[in-house]
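Q: Before I ask anything, here is the structure I am working with.
The values are calculated or read from the model by the stated rules, or taken from the named source; none is laboratory data. As the structure is a prediction and not an experimental result, all values here were calculated from the model. Here the Cβ positions follow ideal geometry from the backbone for every residue, glycine too, while neighbour counts run over all protein chains shown. These accessible areas exclude ligands, DNA and RNA; they are computed on the full protein's heavy atoms, side chains included. Shrake-Rupley method; radii C 1.70, N 1.55, O 1.52, S 1.80 Å.
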2 protein chains.
Amino acid sequence: MASSSSYNPPCAACKFLRRKCIAGCIFSAYFPAEEPQKFANVHKIFGASNVGKLLKELLPHQREDAVNSLAYEAEARVRDPVYGCIGAISFLQSQADRLQKELDDANADLFRFNDIYTSN
Amino acid sequence: MASSSSYNPPCAACKFLRRKCIAGCIFSAYFPAEEPQKFANVHKIFGASNVGKLLKELLPHQREDAVNSLAYEAEARVRDPVYGCIGAISFLQSQADRLQKELDDANADLFRFNDIYTSN
């Protein structure tokens, strides 16, 4: 017969840190047990203590976005230890510069076409 | 009379961590004493130990780029604790999407102009 006491499985953070996942654990809502790599990355790059401190300094409704952005940064840094997510910023900046130049050229062509069209 | 022994002022990291800056200090080449905020930010967000570990795992010629990208990420996270540099990624992604749409529209207009021009 199953025990009537409820069992709370530890969140990914507490499992990783081999500690009891107590009620009110700052990590449990954002690091579910099914996503162990998310916490492992964040722990490796930022450190559990820094992440916990940062979360405690935020308002509760800001914490999910903060964890997701930290997880994105941590994953990027694990994949590319030299540039991390700055690689994505450089890529997007180059892409935006190239598109702006192509748009300027296209607008200049349109301006010329418009001149020819209206002068005929 | 000045002493003949040379005095090496500690790098920003060793000064911050209140320790002697020994020859071969992993931080000294990348965290000069004149830029204390650069190390303070990196320490606050990533932790000195994580940064030292990451630098030691890289080849010497990769370390400057790594420190600069870490410093950029750390400064962004200090300024915006919720989104950090992911805010810049979202902004650039929206900008690239908007430019791509404007370019597609301009190219469609050019195509129409070209059709009219060549059919006359």
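Q: Which condition number does B:VAL42 fail, the rest of (1) β-branched (Val, Ile, Thr); (2) in a loop (DSSP other than H, G, I, E, B); (3) surrounded by 15 or more Cβ atoms within 10 Å (Cβ to Cβ) being met?
A: (2)
Q: Another question about this same structure. Can you find even one residue in segment B:22-43 that is basic (Lys, Arg) and closer than 25 Å to A:ASP80 by Cα?
A: Initial filter on segment B:22-43 (basic (Lys, Arg)): B:38.
Within this subset, residues satisfying the condition of being closer than 25 Å to A:ASP80 by Cα are B:38.
Yes: segment B:22-43 contains one or more residues that are basic (Lys, Arg) and closer than 25 Å to A:ASP80 by Cα.
Q: Name the residues in segment B:50-62 that are part of a helix (DSSP H, G or I) and more than 15 Å from B:LYS38 (Cα to Cα), would you? Reasoning before the result, please.
A: Kept after step one, since they are part of a helix (DSSP H, G or I), are these residues of segment B:50-62: B:50-57, B:60-62.
Across segment B:50-62, the qualifying residues are B:ASN50, B:LYS53, B:LEU54, B:LEU55, B:LYS56, B:GLU57, B:PRO60, B:HIS61, B:GLN62.
Q: Right, something else. For the subset of segment A:45-58 comprising residues that are more than 9 Å from chain B (Cβ to nearest Cβ) and among the aliphatic types (A, V, I, L, M), which member is surrounded by the fewest Cβ atoms within 10 Å (Cβ to Cβ)?
A: A:ALA48
Q: Look at segment B:27-39 and say how many of its residues are of a type in the set (A, V, I, L, M, F, W, C) and either open to solvent by less than 30 Å² (accessible area, probe 1.4 Å) or not in a loop (DSSP other than H, G, I, E, B) (or both). Talk me through it step by step, then tell me what you get.
A: We begin by selecting, within segment B:27-39, every residue of a type in the set (A, V, I, L, M, F, W, C); these are B:27, B:29, B:31, B:33, B:39.
Checking the rest, the ones that are also either open to solvent by less than 30 Å² (accessible area, probe 1.4 Å) or not in a loop (DSSP other than H, G, I, E, B) (or both) come to B:27, B:31, B:39.
Here the count works out to 3.
Q: I would also like to ask the following. Here are the criteria: (1) in contact with a helix residue (DSSP H, G or I) (Cβ under 8 Å, 6 or more places away or on another chain); (2) surrounded by 13 or more Cβ atoms within 10 Å (Cβ to Cβ); (3) at pLDDT below 95. Tell me which single one A:PRO10 does not satisfy.
A: Unmet condition: (1).
Q: Anything in segment B:65-83 that is more than 7 Å from chain A (Cβ to nearest Cβ) and either buried (at least 16 other Cβ atoms within 10 Å of the Cβ) or assigned to a helix (DSSP H, G or I) (or both)? List them, or say none. Outline the logic, then answer.
A: Filtering segment B:65-83 for residues more than 7 Å from chain A (Cβ to nearest Cβ) gives B:67-68, B:70-71, B:74-80.
Of everything in segment B:65-83, those that are more than 7 Å from chain A (Cβ to nearest Cβ) and either buried (at least 16 other Cβ atoms within 10 Å of the Cβ) or assigned to a helix (DSSP H, G or I) (or both) turn out to be B:VAL67, B:ASN68, B:LEU70, B:ALA71, B:ALA74, B:GLU75, B:ALA76, B:ARG77, B:VAL78, B:ARG79.
Q: Related question: Collect the residues in segment B:54-111 that are of a type in the set (Phe, Trp, Tyr) and within 30 Å of A:ASP109 (Cα to Cα), keeping them in residue-number order.
A: Step one: filter segment B:54-111 for residues of a type in the set (Phe, Trp, Tyr), giving B:72, B:83, B:91, B:111.
Scanning segment B:54-111 gives B:PHE91, B:PHE111.
Q: Here's something else I'd like to know. Taking segment A:84-98 as the region of interest, how many residues are within 15 Å of the chain's Cα centre (by Cα), surrounded by fewer than 21 Cβ atoms within 10 Å (Cβ to Cβ) and facing chain B (nearest Cβ under 7 Å)?
A: Qualifying residue count for the region: 1.
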